[in-house]
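Below is one structure, written out as structure tokens; comments come after it.
The values are calculated or read from the model by the stated rules, or taken from the named source; none is laboratory data. Nothing here was measured: the structure is a model prediction, and the numbers come from that model. So basically every Cβ, Gly included, is an ideal-geometry build from the backbone, and we count neighbours across all protein chains shown. These accessible areas exclude ligands, DNA and RNA; they are computed on the full protein's heavy atoms, side chains included. Shrake-Rupley method; radii C 1.70, N 1.55, O 1.52, S 1.80 Å.
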Amino acid sequence: MLTLILVRHAATVANEAGLYIGRSESPLSLQGKEEARRLCKKLDKWQIQQIYTSPAERVQETIKELMDKDIPVQVAQALHEINFGICEGKDFNWLKKNYPEEVTYMIKEGIAYRYPKGESLVMAHQRVADWLNEFLMNHQSGTFLVAAPGGTIRCILSELLVEKPYSG
């Protein structure tokens, strides 16, 4: 049996300020540090064979206690959050004020909207789906921890939960 433990990074300073932080870094907040401590304590009882983690510092800081143990760790670039491009480190009000036309495009194009100098949700989802499909081809059993930002976790969940057309 294959068991995937999906972990989103703990609360960050930028999360609490409502900022877009895809590829940008933000340290864990005081609340986030406490969340990370409690999380690692709960995960300690699992027999995790390997950890796959996003390269984001906030993700690795969240699971640092586990990464310091004798569990193999693989950093996967594909597990990065969406690249928000020019919106990195900004909030929605900044986008409305400085790029009102982008808000119009965002609403009109939906998941196909590509952030200027960044990527679209479709692009990010495909990147994560490709990683997940390769992972599933190579792992039929065992317990694995995948630590990533929230958007990446949502992509993994949607891939796992959406019924694929029968190809046989």
For the range 60-117, what is the Kirkwood estimate of the hydrodynamic radius, computed as the reciprocal of the mean inverse distance between distinct Cα atoms, to one decimal in Å?
14.2 Å
Leaving out ligands and nucleic acids, note down the accessible area per residue over the range 3-92 with a 1.4 angstrom probe, in whole Å².
52 Å²
How much net charge surrounds PRO149 when only other residues with a Cβ under 10 Å from its Cβ are counted (Lys, Arg +1; Asp, Glu -1)?
+3
For the chain, with only Lys/Arg (+1) and Asp/Glu (-1) charged at the beta-carbon, what is the dipole magnitude about the Cα centre, in debye rounded to 20?
240 debye
Treating only the Cβ of Lys, Arg, Asp and Glu as charged (+1, +1, -1, -1), what charge dipole size does the range 71-113 show about its Cα centre? Round to the nearest 20 debye.
100 debye
Looking at [x] 50, 50, 20; [y] 53, 36, 34; [z] 58, 31, 25, which value of Cα extents along the principal axes in Å comes from a calculation on the structure shown?
[x]
If the only charges are +1 at each Lys and Arg Cβ and -1 at each Asp and Glu Cβ, what is the size of the charge dipole of the range 70-163 around the Cα centre, to the nearest 20 debye?
360 debye
Order by accessible surface, 1.4 Å probe, largest leading, for residues LEU39, LEU121 comes to LEU121, LEU39
Cross-chain or 8 or more residues apart, Cα under 24 Å: how many lysine pairs in the range 14-168 fit that? Count them up, please.
19
